[in-house]
Amino acid sequence: MALFTRAPKAEPILGQNRVIAHVLALLTWLIGLLFFFPLFWLVLNGFKDELDANSSPKLFFDPTLDRFSEVTEDTTGLLSFTEAFGNSFWIVLISTILVMALAIPAAYALAIRPMRKWRDVLFFFISTKFLPIVGAIMPLWIIARDLDLLNTRAVLIILYTAMNLPLAVWMLRSFFAEVPNELIEAAQIDGCSLMGQIRQVILPIVAPGLAATALLCVIFAWNEYFLAVQLNPVEGSTMPVWVASQESGRGNFLAKLSAASVLATLPVVIAGWVAQKRMIRGLAMGAIK
Amino acid sequence: MSSAITEHRDETEHADHADEVRRLERREGWNRRLPILPALIFTIVVTQIPFLFTLFYSLTDWRIDTPEPREFIGFENYGALPDDKFFRDAAWVSVQMTVLAVLLSLIVGTALAILLDRKFFGQGFVRTLLITPFLVMPVVAGFLWKSQMFSATFGVLNWVLELFGFESIEFATKYPLASVVVVLVWQWSPFMMLIVLAGLQGQDTSVLEAARVDGATTVGIFRQITFPQLRPYLELGTLLGAIYLIQVYDHIDVITGGSPDSKNLPFYIAQRSIGGGNRFGLASSYSIVVVIASIIIANIGLRVLSGLLEDDS
């Protein structure tokens with residue numbers, strides 16, 4: 001009994017009945033496993049021989065790490081694993097730093113010392129997300145071509161910064177809005193300088209929110225494929241393009257592609273697991289508060 | 001809450017020392033706006049200015065593969081749109097795909113959130129299992145479903161079908177739109193679930209207890225207390241989901257390669273312009289239509305959300 005039900009803190013929506021509680025817990029577990037199953041299968045296939053992967057679904061087989069070493073050591077294509085990983089790493093890192101450097105002052109200004117019409121400014125930022133990227137892709141391609149930026153890391157850094165900036169301003173504003181005004185006023189009365197206020201009062205409170213926002217930017221930038229494949233399809237490109245390029249080989253490639261997928265997905269999946277609660281709190285508060 | 005309180009106080013201050021505030025604001029005005037400017041300017045330069053170029057291209061007959069000069073043809077591209085069968089098809093696919101994916105993700109996500117909003121053994125672990133699909137790279141999600149779930153020869157789904165004595169189906173070819181939507185829902189319901197979960201956990205438990213003491217039924221509590229409180233979260237989920245799902249490209253590229261029944265407008269636009277079609281003028285007019293439609297939908301969405309913001313303060 002005690003194994004499945006701990007003392008309920010808040011009243012759950014779906015009744016109190018013990019039997020129902022067990023059934024629902026079981027159902028939730030089943031759905032959770034069902035949702036995760038495709039990923040479990042992907043990992044499994046990454047450890048198979050091509051022969052085992054390219055047959056009717058098999059649960060038991062001799063696991064091997066060969067596919068992982070194959071995809072990481074292969075340098076015959078345009079883009080090797082190490083190149084793609086390095087490109088992704090730098091593009092995501094630099095664009096996320098830029099996003100935070102631009103978004104933190106903006107969010108601070110919108111939340112803590114709001115000017116008039118701050119809401120309009122915030123809505124402007126969000127509304128740029130509504131402009132589908134296809135609305136700008138042709139000029140971007142032309143401009144990038146004319147500036148010799150096609151197939152460079154720089155073009156993706158700039159575009160990923162623009163892509164994530166609205167979301168970051170939105171989330172960060174809600175985290176900054178959580179800082180009690182009384183604290184800032186008290187610091188002012190004590191003669192604390194602006195930088196001092198920021199460093200000693202505001203930063204400690206918003207730090208977890210900053211981390212969550214940065215992680216969400218990392219996830220979106222790491223997974224982005226459309227811009228990468230259109231503007232930077234060759235040697236300067238990123239992990240999603242590398243994964244997609246694994247498909248075009250001769251013969252069977254299912255196990256190889258699975259191994260590549262696992263390697264490409266793992267970094268952000270782990271980041272997301274760590275930050276799951278805060279990420280959503282920030283998103284939700286951005287609109288509700 | 002704190003922002004609502006500060007704002008309220010700001011308003012009373014405005015009333016009390018309107019003059020002084022105005023004077024201070026004038027002096028501080030630029031100090032306050034300055035931190036916003038870098039982000040604002042960057043956003044305008046990178047997202048708004050290219051859009052103006054698109055607007056200009058859409059009024060020309062520009063093809064990038066011919067040496068012929070770009071000629072201004074007014075609204076000719078737009079005039080041809082209603083008769084353009086491929087455009088109409090892609091637009092219809094866009095509507096179906098976005099509406100189906102957003103609605104289904106919202107329904108599944110809400111159901112999952114309600115199931116998760118109770119203490120049970122392994123709650124945190126199951127939540128982690130459930131959000132993982134959202135974190136997966138769309139290219140990987142597409143490939144994984146296409147070749148390992150949907151495939152007629154190696155797919156797990158077809159293996160299950162055959163187990164029950166049915167014929168195997170090549171899902172991605174036979175039902176391209178449904179296949180893409182299934183993968184989108186698989187990835188986006190976890191996101192909706194987390195947003196609704198944030199709403200459920202922010203509920204005032206004393207109100208719920210009071211209702212229960214007064215003899216309210218579970219259904220009654222959900223309809224009269226929980227649902228109204230969840231509304232802003234559901235609207236937020238719809239808004240964010242629509243922003244991202246209207247732009248779907250990766251999933252289509254990987255799962256169906258853009259077969260006619262699953263080719264949405266973003267995919268079609270890319271195909272007709274930088275994807276080798278080279279018709280920059282015509283494709284730009286498609287883009288403008290997408291942008292205008294998105295802005296109309298977004299405005300309705302944002303107005304609903306901002307209405308909620310006004311009510312709060």
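Before moving on, here are some points about what is shown:
- Counted as qualifying within the range A:213-289 are the helices (runs of 4 or more DSSP H) with 2 or more residues that are modelled with pLDDT under 80 and more than 7 Å from chain B (Cβ to nearest Cβ), namely A:254-288.
- Hey, residue A:107 outside any loop (DSSP other than H, G, I, E, B), among the aliphatic types (A, V, I, L, M) and within 28 Å of residue B:281 (Cβ to Cβ) or not: no
- Of A:98, A:140, all but one fail to be within 8 Å of chain B (Cβ to nearest Cβ) and buried (at least 19 other Cβ atoms within 10 Å of the Cβ); the exception is A:140.
- Residues considered: B:223, B:279. Of these, the only one that is at pLDDT below 85 and more than 8 Å from chain A (Cβ to nearest Cβ) is B:223.
- In the range A:36-48, the residues that are in a helix (DSSP H, G or I) reach residues that are surrounded by 20 or more Cβ atoms within 10 Å (Cβ to Cβ) and of a type in the set (D, E, K, R) with C-beta atoms within less than 7 angstrom, at least six apart or across chains, in these pairs: A:46/A:67.
- Search result, residues across the range A:156-170 that are within 11 Å of residue A:125 (Cβ to Cβ) and of a type in the set (Val, Ile, Thr): A:169
- Residue count, the range B:236-258 (criterion: more than 17 Å from residue B:95 (Cβ to Cβ), facing another protein chain (nearest Cβ under 10 Å) and small (Gly, Ala, Ser)): 1
- Residue within the range B:292-306 that is of a type in the set (Gly, Ala, Ser), over 16 Å from the mean Cα position of the chain (by Cα) and modelled with pLDDT under 90 present: yes
- Applying the condition of being crowded, with 23+ Cβ neighbours inside 10 Å and small (Gly, Ala, Ser) to the range A:213-230 and asking which residue is farthest from residue A:149 (Cα to Cα) yields A:221.
- The helices (runs of 4 or more DSSP H) found wholly in the range B:126-210 and carrying at least 3 residues that are surrounded by fewer than 22 Cβ atoms within 10 Å (Cβ to Cβ) and away from chain A (no Cβ under 11 Å) occupy B:176-201.
- Qualifying residues in the range A:155-177 (those that are over 16 Å from the mean Cα position of the chain (by Cα) and farther than 26 Å from residue B:283 by Cα) - the one farthest from the other protein chains (Cβ to nearest Cβ): A:175
- Evaluating residue B:60 against the criteria (1) at pLDDT below 90; (2) in contact with a Lys or Arg (Cβ under 7 Å, 6 or more places away or on another chain); (3) among the polar types (S, T, N, Q) leaves one unmet condition, (1).
- When residues of the range A:40-79 are limited to those that are within 13 Å of another protein chain (Cβ to nearest Cβ) and surrounded by fewer than 13 Cβ atoms within 10 Å (Cβ to Cβ), the one modelled with the highest pLDDT: A:40
- Contacts under 6 angstrom Cβ, first residue in the range B:100-116 being modelled with pLDDT of 95 or more, partner aromatic (Phe, Trp, Tyr), 6 or more apart: B:105/B:188
- Scope the range B:99-121; condition at the interface with another protein chain (Cβ under 7 Å from one of its Cβ atoms) and not aliphatic (A, V, I, L, M); matching residues: B:117, B:118, B:119, B:120, B:121
- Among residues of the range A:130-180, those that are assigned to a loop (DSSP other than H, G, I, E, B) and within 20 Å of residue B:295 (Cα to Cα), counted: 4
- Residues in the range A:100-135 that are touching a residue at least 12 places away in the same chain (Cβ under 8 Å) and either on the phi > 0 side of the Ramachandran plot or among the acidic types (Asp, Glu) (or both): none.
The values are calculated or read from the model by the stated rules, or taken from the named source; none is laboratory data. Every value quoted in this text rests on a predicted model; they were computed, and no experiment measured them. Every residue, glycine as well, gets a Cβ built from its backbone with ideal geometry; the counts of neighbours run over all protein chains shown.
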